[in-house]
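Chemist: Before I ask anything, here is the structure I am working with.
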Amino acid sequence: MRTAENSSVHYRNCNLCEAICGIEITVQADQRLDIRGDKDDPFSRGYICPKAVALQDLHYDKDRLKYPVRRTPRGWQRLGWDEAFDEVTQNLKRIHAKYGRNSIATYLGNPTVHNYGALLFAPGFIRSLHTRNRFSATSVDQLAHHLAAYLMFGHQLLLPIPDLERTKFFLILGANPAVSNGSMMTAPGMSRRLQEIRQRGGKVILIDPRFTETARLADRHLFIKPGTDVLLLLALLHVVFDERLTRLDRLAAFIKGVETIGNLVAEFPPNKVASITGIDSDQIRLLAREFASAESAVCYGRVGVSTQEFGAACQWLINVLNTVTGNLDSPGGAMFTSPAFDPLTAPESLAPRGSFARWHSRVRKLPEFAGELPVVTLAEEILTEGPGQIKALVTSAGNPVLSTPNGRELDRALAGLEFMVAIDFYINESTKHAHIILPPSSSLEREHYDVAFHLLAVRNTTKFSPALFQPDAETRHDWEILVELQTRMEHDGLFGSLRETRFLIGKIFT
């Protein structure tokens, strides 16, 4: 931190999106903030997006809750923290005793993964509820990536990341990284990075039904009919096997089932899928040959291929394409990161290996993954009567009415819950149904370390940011709220929980 006359300058990471950009915040004497990209940050190199600039809007927003509130017929009523914690745990225990262990559900929103306190201590609280009705934003975002990683590599967080700075051929399916900065590929300033690939003689190819911001930066944009990406990937692999373009090299000793893949894709020649995908068969063959013959190449797919009927198959086939062309765990291809916080060596409770179909949802029989059910079934699990019906809901950092499918039905479902508590500092489309809202500290009032997104970065990098502002005595951090709720649900002493908290934080940052 530097100080200057009537101001102080702070350097930290933005914790609102996946790009983990370094930012420079100048605090003026009147508490106004000037937020800019940190040009000295070796990873983001001065890049900044609108979310980072909006940090001050969130912090100073007059509508942001700063103390617990209870919903009453006369409006929202202020509560003390102890009173709020008592009411929450009493109601959760009452519903658990009356209806059974699965009568309580939890939902974690996307901001959870940008907050190490919430990310590390939400699992303990959820375990204290002993429920199988666990939901999160994962199933409407990146679940297909995790399932493919779990089935292929043995761990849901073994996610191969494009080596953008060395690749000579970047094939993008269903993603708009010029806007998203990569998402499951942490890379701030993607527009510059895509231009750099072309400047060093490489190619950028986009497969997308829309003309996007990324399309303007690509060498070639092939329009595809939505939902047919799986057939294109099968056809690309058909060409690779049919023309004997496979290149396993050192990977051969670690791979099983190559012959099975060859037999599978033999049924999908380009001329068979061209009319369905909308991409000419000659273009498919050319793309396959270019990819397989490039000095280095990597295929990357994101939301457009994940959130469709064959999303998991698409992510699996993307991994297969990278593998059989010799571009898995290879410079310029799809590589595994070496983050400071390594999920492979972390406790299973913090970074579970994954699981699939150990149980199914009550109404539609949808399979669990890594202990969670697809959030698309949340509304029907609340509305459908019978044993196991959800009667209470705990949400944290999420607005599922607005951000998950069939929001109107979920809005109706939340209105009928016997009890709902939200860990959130806004009254929104979802939390308006809560009986109690417990607001955490703002992003600028807490320390920040990206536990998740260094794992997804296109370079091995790490950075810790201290809090910019000291929270007042009435403020609680997410982890403090979660630990307190877990302690009260388990009837354990607070000392034990806090001791565990300090131990886990020490393990992360030492």
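Chemist: Scan the stretch 60-82 residue by residue and report those that are closer than 18 Å to residue 442 by Cβ and either of a type in the set (Ser, Thr, Tyr) or modelled with pLDDT under 90 (or both). Break it down stepwise before answering.
Modeler: Step one: list which residues in the stretch 60-82 are closer than 18 Å to residue 442 by Cβ, which gives 60-69, 81.
60, 67, listed by residue number.
Chemist: Would you be able to say whether some residue in the stretch 52-72 is polar (S, T, N, Q), closer than 30 Å to residue 190 by Cα and in contact (Cβ under 8 Å) with a residue 12 or more places away in the chain?
Modeler: Within the stretch 52-72, one or more residues are polar (S, T, N, Q), closer than 30 Å to residue 190 by Cα and in contact (Cβ under 8 Å) with a residue 12 or more places away in the chain.
Chemist: Would you call residue 390 aliphatic (A, V, I, L, M), in contact with a helix residue (DSSP H, G or I) (Cβ under 7 Å, 6 or more places away or on another chain) and over 21 Å from residue 138 (Cβ atoms)?
Modeler: Values: aliphatic (A, V, I, L, M): yes; in contact with a helix residue (DSSP H, G or I) (Cβ under 7 Å, 6 or more places away or on another chain): yes; over 21 Å from residue 138 (Cβ atoms): no.
Considered against the rule, which asks whether it is aliphatic (A, V, I, L, M), in contact with a helix residue (DSSP H, G or I) (Cβ under 7 Å, 6 or more places away or on another chain) and over 21 Å from residue 138 (Cβ atoms), residue 390 comes out as no.
Chemist: What residue, of 125, 169, is of a type in the set (Phe, Trp, Tyr), closer than 29 Å to residue 448 by Cα and modelled with pLDDT of 95 or more? Even if it seems obvious, please write down each step before you answer.
Modeler: Details: 169 fails: closer than 29 Å to residue 448 by Cα.
Just one listed residue meets the conditions, 125.
Chemist: Looking at the stretch 287-303 only, could you name the residues that are open to solvent by 10 Å² or more (accessible area, probe 1.4 Å) and either β-branched (Val, Ile, Thr) or in a helix (DSSP H, G or I) (or both)?
Modeler: Residues satisfying the conditions are 289, 290, 293, 303.
Chemist: Taking the stretch 305-357, which residues are buried (at least 17 other Cβ atoms within 10 Å of the Cβ) and among the aromatic types (Phe, Trp, Tyr)?
Modeler: 310, 316, 341
Chemist: Can you pull out every residue in the stretch 397-423 that is under 24 Å from the mean Cα position of the chain (by Cα), among the small types (Gly, Ala, Ser) and open to solvent by 10 Å² or more (accessible area, probe 1.4 Å)?
Modeler: 397, 403, 407
Chemist: Just give me the residues in the stretch 398-418 being in contact with a Leu (Cβ under 7 Å, 6 or more places away or on another chain), touching a residue at least 40 places away in the same chain (Cβ under 8 Å) and under 28 Å from residue 78 (Cβ atoms), in sequence order.
Modeler: Listed by number, the residues that qualify are 398, 400.
Chemist: Okay, next question. Can you tell me which residue among 200, 193 is among the charged types (D, E, K, R), surrounded by fewer than 21 Cβ atoms within 10 Å (Cβ to Cβ) and more than 25 Å from residue 278 (Cβ to Cβ)?
Modeler: Only one candidate passes the filter, namely 200.
Chemist: Scan the stretch 204-229 and report the pairs whose first residue is touching a residue at least 24 places away in the same chain (Cβ under 8 Å) and over 14 Å from residue 300 (Cα atoms) and whose second residue is open to solvent by 20 Å² or more (accessible area, probe 1.4 Å) and of a type in the set (Val, Ile, Thr), with Cβ atoms within less than 9 Å and a gap of 6+ or a chain change.
Modeler: 212/179; 213/179; 225/276; 228/276
Chemist: Still on this structure, I have one more. Mind telling me which of the residues 374, 339, 352, 367 ends up being under 18 Å from the mean Cα position of the chain (by Cα) and closer than 21 Å to residue 307 by Cβ?
Modeler: 374
Chemist: Under 9 Å by Cβ, and 6 or more places apart or on different chains, what pairs join a residue from the stretch 359-373 that is within 17 Å of residue 144 (Cβ to Cβ) with one that is charged (D, E, K, R) and open to solvent by less than 40 Å² (accessible area, probe 1.4 Å)?
Modeler: Close Cβ pairs satisfying both conditions: 373/381.
Chemist: Give the residues of the stretch 255-270 that are assigned to a helix (DSSP H, G or I) and within 11 Å of residue 231 (Cα to Cα), sorted by residue number.
Modeler: 265, 270
Chemist: Right, next: Could you run through the stretch 191-240 and say how many residues are of a type in the set (D, E, K, R) and assigned to a strand (DSSP E or B)?
Modeler: 2
Chemist: Something else about it: Hey, among 89, 131, 112, 106, which residue is closer than 19 Å to residue 451 by Cα and among the β-branched types (Val, Ile, Thr)?
Modeler: Selected residue: 112, the only one of 89, 131, 112, 106 that is closer than 19 Å to residue 451 by Cα and among the β-branched types (Val, Ile, Thr).
Chemist: Which residues, taken from the stretch 22-47, are farther than 14 Å from residue 60 by Cα and either free of Cβ contacts under 8 Å to residues at least 12 places away in the same chain or not in a strand (DSSP E or B) (or both)?
Modeler: Passing the criteria: 29, 38, 39, 40, 41, 42, 43, 44, 45, 46, 47.
Chemist: Among the residues that make up the stretch 226-245, is at least one of them crowded, with 21+ Cβ neighbours inside 10 Å and in contact with a His (Cβ under 8 Å, 6 or more places away or on another chain)?
Modeler: No, the conditions are met nowhere in the stretch 226-245.
Chemist: Can you run down the residue pairs with Cβ atoms below 6 Å, 6 or more apart or on separate chains, where the first is in the stretch 464-475 and in contact (Cβ under 8 Å) with a residue 24 or more places away in the chain and the partner is in a loop (DSSP other than H, G, I, E, B)?
Modeler: 466/447; 471/441; 474/67; 475/441
The values are calculated or read from the model by the stated rules, or taken from the named source; none is laboratory data. For clarity, every value in this text was computed on a predicted model and none was experimentally measured. Cβ sites come from the backbone with ideal geometry, for glycine too, and all protein chains shown count toward neighbours. Remember, those area values only see protein heavy atoms, side chains included, never the ligands or the DNA or RNA. Shrake-Rupley method; radii C 1.70, N 1.55, O 1.52, S 1.80 Å.
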